[in-house]
Amino acid sequence: MELRKRKIRAPLHIFVGITLFYLQLWSVTAQINHEESSTKPSVNNSPSATSTRLLLSPPSFTGNRFSFRFRWRRRRRRNKVNRASREFLIAHNLVRARVGEPPFQWDGRLAAYARTWANQRVGDCRLVHSNGPYGENIFWAGQNNWRPRDIVNVWADENKFYDVRGNTCEPQHMCGHYTQIVWRDSTKVGCARVDCSNGGVYAICVYNPPGNYEGENPFGSYDGQIGLVRDEPPAVIGGMA
């Protein structure tokens, strides 16, 4: 007996439904793109202004010109930065929570400052401070697989070298990264992480108000005290890089 294969044909209404769905999806996306473009101020149509738009959403026709929008990749890039920022912030606040300190707030201006300095260090990634008006922790590693929370944990691990009673670091050890993280009067943080040109990773976090003032305890509050003399920039407690 010869067996015949039954030809399976999809009903016509399935194809019609799928077609209508994609047409509706295309029209809604085009409308959203049009609304977004109408609410933004006009900019020059220079190549530099349009080269960052990547194709992922349906094409839109504006002014009889065919333009492609690569919004998905642009949003993905922004989300990647946001995830790194959140990871830096959460890692810091976990360390502060262990010692009963209030959480940091993420500051975009501090993050921009950190990003600017980190970009200047891409070529050599030397452990050099910016010597700016903020508190500062910097980091370098020979491999670029270090995540933000890994970097913060390296700084936080210096707590084992910090003598709370004496407010000093153990000899031949650093603890200034840790004391800056838990400094009570520091309330805001911003960080950046870049891949080095010669391999590895460089990271920097800046804090405002700065900490690590000589002779002060990180767990004390010195806000509003009249006549308190502080060094500028903050002195280093037990060495810090």
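The values are calculated or read from the model by the stated rules, or taken from the named source; none is laboratory data. Values in this document were obtained by computation on a predicted structure and should not be read as measured data. A quick note on method: Cβ atoms are made from the backbone with ideal geometry, for glycine too, and the neighbour counts reach across all protein chains shown. We work out accessible area using only protein heavy atoms, side chains counted, and drop any ligands, DNA or RNA first. Shrake-Rupley method; radii C 1.70, N 1.55, O 1.52, S 1.80 Å.
Quick look at the numbers
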item	result
Qualifying positions in segment 106-123 - open to solvent by 20 Å² or more (accessible area, probe 1.4 Å) and either more than 25 Å from residue 219 (Cα to Cα) or modelled with pLDDT under 95 (or both)	108, 109, 112, 113, 115, 116, 117, 119, 120, 121, 122, 123
Test result for residue 166, open to solvent by less than 50 Å² (accessible area, probe 1.4 Å) and either touching a Cys at 6+ places or on another chain (Cβ under 6 Å) or in contact (Cβ under 8 Å) with a residue 40 or more places away in the chain (or both)	no
Residue identified as over 17 Å from residue 211 (Cβ atoms), touching a residue at least 60 places away in the same chain (Cβ under 8 Å) and among the aromatic types (Phe, Trp, Tyr) among 117, 146	117
Residues being within 19 Å of the chain's Cα centre (by Cα) and at pLDDT 90 or above - total across segment 130-144	9
Residue, modelled with the highest pLDDT, within segment 209-241, restricted to residues that are closer than 13 Å to residue 137 by Cβ and open to solvent by 20 Å² or more (accessible area, probe 1.4 Å)	241
Test result for residue 126, open to solvent by 20 Å² or more (accessible area, probe 1.4 Å), within 14 Å of residue 204 (Cβ to Cβ), part of a helix (DSSP H, G or I) and of a type outside the set (S, T, N, Q)	no
Subset of segment 134-152 [surrounded by 14 or more Cβ atoms within 10 Å (Cβ to Cβ) and either over 25 Å from residue 99 (Cβ atoms) or of a type outside the set (A, V, I, L, M, F, W, C) (or both)]	134, 135, 136, 137, 140, 141, 147, 148, 149, 150
Residue match in segment 181-200 (condition: buried (at least 21 other Cβ atoms within 10 Å of the Cβ), aromatic (Phe, Trp, Tyr) and under 24 Å from residue 82 (Cβ atoms))	no
Flag for residue 115 being within 19 Å of the chain's Cα centre (by Cα) and charged (D, E, K, R)	yes
